[in-house]
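Enquirer: One structure coming up, written as structure tokens, with questions to follow.
The numbers here are math on the coordinates, done by the rules we state, and not lab data. Nothing here was measured: the structure is a model prediction, and the numbers come from that model. Here the Cβ positions follow ideal geometry from the backbone for every residue, glycine too, while neighbour counts run over all protein chains shown.
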Amino acid sequence: MMLLFTNQILIYLIMKKKIVILIFLIIIIVFSVKMLNEKCVCNKPYVTFTFDDGYEDIFTNALPIFKKYNVSATCYIITGLVGKEFENQKLMNWSHIKELQENGFEIGSHTVNHLDLTKLNSSSIVKELSFSKETLIDHGFNVSSISIPYGKYNDKIEKIAKKYYTSVRPSIWGFNSLCDFDRYNLKSFWITNSTSIETIKSLIDECQKNNYWLIFMLHLVREDKNSEYSISPKDLEYIIKYIKSKNIEIKTISEVIDLYNCSCYAQK
């Protein structure tokens, strides 16, 4: 009788121990899944500001606004025209560009001469893409992104770009779905002087609703209604404030790309 009672106690203790272990394992699994979801880039929206060409406006008018709100952007530089003019507009010099990087901006390539790459042979495309990266590296910049001049892009250019860069932003209209996108065909929405604030707000709202990655393409930042590719400093600041009011993180191209080490990232 005593032996039977002892065996029952042992069985009870063993079962209780198994239940405790099971509960402990369930807690670990739930906690791990929660942590993974929090880290997974697919579960939250992001906004990126990109500036093409490297106009001096970015340094004089945009940088102070980005510094004020402690955010940054990606700036694509035409390396062969630094400190010169492009389309009758003054471009930044190397000191300006360096200060951008010191304030958290990502510096990317916009090729050497801003040519229509689809009209070049493979050798010339390689030079435009590789020489621009080498020049930026020689000036102390970490370069992994490129923007395609005029948005003129094809399979040949993409194949070459993959040898030198981890992301390409052509001029493809749309949102990037964070769980399934092509880093060598990043989609964006370009802002011009005819783009209304309400349109931009609706894009931001859609980004937040669906956990998209929203990339804005900009050029000039100035009070100039006659310049098609400009946005006023006042409107730029309003947009940044609106994004922050939605608790959406503003990151550079490379920062978002670097987040894609989680299981939901489908690299293409």
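Enquirer: Sorted by mean Cβ packing within 10 Å, highest first, what order do the peptides 152-164, 176-188 take?
Expert: Answer by packing, highest mean first, reads 176-188, 152-164.
Enquirer: Can I ask one more? Beyond 25 Å between alpha-carbons counts as too far, so tell me which of Lys90/Lys159; Lys133/Lys209; Lys201/Lys251; Lys84/Lys152; Lys68/Lys98; Lys133/Lys234 fall in that bin. Walk me through the intermediate numbers first.
Expert: Numbers: Lys90/Lys159 32 Å; Lys133/Lys209 36 Å; Lys201/Lys251 18 Å; Lys84/Lys152 23 Å; Lys68/Lys98 18 Å; Lys133/Lys234 33 Å.
Where the Cα-Cα span goes over 25 Å, the pairs concerned are Lys90/Lys159; Lys133/Lys209; Lys133/Lys234.
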